[in-house]
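S.K.: For reference, the structure I am asking about is given below.
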Amino acid sequence: MQVVYCEDGLLHNPPMEMTLGRIKPYVESPKRLINIKKFIDEHPEFEVVEPNDYSLGPILDVHRKDYVDFLENIYQEWVDSGLNKEICIGDTFAQRSFVGKLDDETIRKNASKTSCGKMGYYVGDVSTPFVQNTWRAAYSSAQVVLSAAHRLTEAIEAKQSSDHNETIYALCRPPGHHASDHMAAGYCFINNASVVARFLQNYTLQDMNKAKKPYGFNLEAVRNGQFSEGTSKEKKKILIVDIDYHHGNGTQDIFYDDPSVFYISLHGAPDYPFFTGSAQETGQGAGEGYNINIPLDPVTTTDSIYLDNLERVLNNQNVIDFNADVVIVSMGLDTWFEDPIAGMKGLQDMNTYKKMGALVKTCIGTKHRPVLFVQEGGYTIEKLGNLAGSVLQGFLE
Ligand code: SP5
Ligand code: ZN
């Protein structure tokens, strides 16, 4: 299995975060990536490949331009206004009644007068800080996933028989599933899984070939508005299976009214992000019926309960009828019982992770479909290589 990896993912390294009333070292640490990469390097069934650069175009198919400008510039603006160079972290948030009855555009204009205001408008919590190279890391993370999608598309189009799944792993960091079209949250800045879902829908293989440049983070081209664009007319159907411990509120939100992207999430509840993730959230408008949430009790969920739920949802009639062209797995590894900020108390067997990968391969809703694994959360640094490797090995076996 090919694994796309980029060292620039290590560049986002804030000195601290605040979670559950405690100031602590940043939990979503670069060590996570290093540890998974180490496992990948030690196992011959994986082959590490370099990313390419597809510019900002595919990112702007999901995220608002004003938000992308914010991601790019906020750290420097914060420092230029005399604030802490060590870390740019919000402390006042544009929540509900705090913004009164003003319309979004007015709130955005008011917020945009200061870097603190922008942090309050574009960020959802205090555990999503910016440092010097945060934007560069987030951009690289998206390019890793886009590169994986391009390679997967090449493999799909070159495919001779249908007796095996085409598959690839985007070993990206920072993660993405809490980021919405205009908000960073939960360690996430660019919603990688969503960007790649749209990329697969909007770009033909020819578009991808044309957009592809050597990975280099071409800021000038980005400033000059030289973005790649997709021309695809046939919209591929994308199934996103989110097995991160947390509900992927950002991904759900981005596709909530879209019947061409089916979002499934198994997650611990009640827990972060607290406001979304109930089973009653089934999509809206044309997207009604294309969103399935499976909240699980973090205390009583065991290995077999978790696997039963995963198997059931991947064999759900609506998922089968959807008949996805491509499956994206938002692969969080923070369900593991020892996870320092998450974890299901009863998920203690490494084999469970193999079985997760095996289920993605064998269940009717996912069987024989190309699968793109996208790295999300997971914070038991020492175990992450094993956990990620187990899911992928379970899929390959
Ligand atoms: C990508 C990702 O996994 N982001 C997670 C962000 C979570 N941040 C807040 C976590 C604090 C709440 N958890 C309390 C559970 C205690 N067992
Ligand atoms: Zn998570």
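Nothing in this text is a laboratory measurement; each read-out follows from the coordinates by a stated rule. For clarity, every value in this text was computed on a predicted model and none was experimentally measured. Every residue, glycine among them, receives a Cβ derived from its backbone with ideal geometry; neighbour counts consider all protein chains shown.
S.K.: Where Rh denotes the Kirkwood radius from the mean inverse Cα pair distance, what is Rg over Rh for the chain?
M.R.: Result for the chain is an Rg/Rh of 0.94.
S.K.: Roughly speaking, what is the centre-to-centre gap between region 349-397 and region 255-325 when only Cα atoms are used, to the nearest Å?
M.R.: 17 Å
S.K.: Sticking with this structure for a sec: So for the chain: antiparallel DSSP bridges make up what percent, rounded to the nearest 5?
M.R.: Working: 8 of 42 bridges.
For the chain, the DSSP antiparallel bridge percentage is about 20.
S.K.: If you consider only alpha-carbon coordinates, what radius of gyration and Dmax does region 145-229 have, in Å?
M.R.: So, for region 145-229, Rg and Dmax equal 14.7, 46 Å respectively.
S.K.: With a cap of 16 neighbouring Cβ atoms within 10 Å, and only residues DSSP puts in a loop, list the GluC sites (Glu not before Pro) found in region 1-63.
M.R.: Answer in residue order: GLU45.
S.K.: Turning to a different aspect of this structure: Over region 110-250, calculate the relative contact order: mean separation of alpha carbon pairs under 8 Å at least 6 apart, over the residue count, as a percent.
M.R.: The value is 25 percent.
S.K.: Okay, helix-only estimate at 222 nm for the chain: each DSSP H run of n ≥ 4 adds -39500 (n - 2.57), divide by all residues, round to 500 deg cm²/dmol; what do you get?
M.R.: -11000 deg cm²/dmol
S.K.: What order do you get for ASP41, ASP61 when you list them from fewest to most C-beta neighbours inside 10 Å?
M.R.: Values: ASP41 13, ASP61 18.
Ordered by Cβ neighbours within 10 Å, fewest first: ASP41, ASP61.
S.K.: Separate question: Report the longest stretch of the chain that contains none of the chymotrypsin sites (Phe, Trp or Tyr not before Pro) sitting in a DSSP loop with at most 12 other Cβ atoms within 10 Å.
M.R.: Free of exposed loop sites, the longest segment is 1-273.
S.K.: Could you tally the net charge around GLY285, taking each other residue with its Cβ under 11 Å from the Cβ of GLY285, Lys/Arg +1 and Asp/Glu -1?
M.R.: So the surrounding residues net to -3.
S.K.: Ok, one more. Would you mind calculating the relative contact order of the chain from Cα pairs under 8 angstrom and at least 6 residues apart, reporting the percent as a whole number?
M.R.: 18 percent
S.K.: Still on this structure, I have one more. Taking the number of other C-beta atoms within 10 Å as the exposure measure, put ARG96, ARG136, ARG223 in order starting with the fewest.
M.R.: Final ranking by Cβ density, sparse to dense: ARG96, ARG223, ARG136.
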